[in-house]
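The values are calculated or read from the model by the stated rules, or taken from the named source; none is laboratory data. All values reported here derive from a predicted model rather than from experimental measurement. Methodologically, a virtual Cβ is constructed for each residue, glycine included, from the backbone with ideal geometry; neighbour enumeration extends over all protein chains shown. Protein only, heavy atoms only, side chains kept; ligands, DNA and RNA dropped before computing areas. Shrake-Rupley method; radii C 1.70, N 1.55, O 1.52, S 1.80 Å.
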Amino acid sequence: MKYTICPICESKGTLQLKRRKFSAQYGTATVSNEIETVECSCCGANFDNDEILNDALRKETAVNARQQYITNTLEKLEQNISFTELERCFYLAPKTLSKWKNKSKSPSAAAAALVSLLGVFPWLSYVGMLNYNPEEAYKIAFAAVLQKAKENPENFILPLSNEMYNGIALVHQNSQAYNDSYESLSNNYSENLKSSTIEYKEAVL
């Protein structure tokens, strides 16, 4: 044990080594680990036995949580969209997503952020499939919001703020031909993407 005297109350012979569990969360992934701490039976203070080692364990656990979330996200996305299509949309080298999913290669911070966004907003992949056309992106985003509101109306906070109303109005204005039906929205897509968007509605949103 690194300490023999409590640095808080300066008591001697009152310190005990403890193993303390902690968790790191990234998105919906949680990874647990243990660190070694010292507890004083006199004043109740609890502190790291080895700060450098424990900090390293905390950072490693946080990285593992991020990697686990990336793996989970890519496994879910792969059920609906091929990695080849995703890599083409986001200008990634072939086999990149497979390497990230299998943890044989770690993504950069920017790449991890991209996958994380796809985990939260899977419809972004369809924005890429439509060559990042702003008008089509507005349609997809608006359709996704309405679909989620229909599925989980109790989770939507109402009334909306003026800023949110303005944002929805802007989205609706740029959607033009969009009404309140996802089916009518999908009819505006090119024929080669029509089946994909229908599958996306049923499986991804």
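Data for the structure
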| quantity | calculated |
| --- | --- |
| Count - residues of the stretch 1-34 that are open to solvent by 70 Å² or more (accessible area, probe 1.4 Å) and of a type in the set (Asp, Glu) | 1 |
| Among residues of the stretch 126-150, those that are closer than 18 Å to Leu77 by Cα and of a type in the set (Phe, Trp, Tyr), counted | 1 |
| Options Lys59, Lys95: the member that is at pLDDT 90 or above, under 30 Å from Gln16 (Cβ atoms) and of a type outside the set (S, T, N, Q) | Lys59 |
| Output for the stretch 73-94, where each listed residue is surrounded by 16 or more Cβ atoms within 10 Å (Cβ to Cβ) and not β-branched (Val, Ile, Thr) | Leu74, Leu77, Phe83, Leu86, Glu87, Cys89, Phe90, Leu92 |
| The one condition in (1) within 30 Å of Thr4 (Cβ to Cβ); (2) open to solvent by 20 Å² or more (accessible area, probe 1.4 Å); (3) among the β-branched types (Val, Ile, Thr); (4) touching a residue at least 12 places away in the same chain (Cβ under 8 Å) that Thr37 fails to fulfil | (2) |
| Subset tally (residues that are outside any helix (DSSP H, G or I) and basic (Lys, Arg)) for the stretch 54-98 | 1 |
| Residues that are in contact (Cβ under 8 Å) with a residue 60 or more places away in the chain, assigned to a helix (DSSP H, G or I) and under 15 Å from Asn80 (Cβ atoms), drawn from the stretch 105-124 | Gly119 |
| Test: residue in the stretch 3-17 that is among the basic types (Lys, Arg) and farther than 30 Å from Trp123 by Cβ | yes |
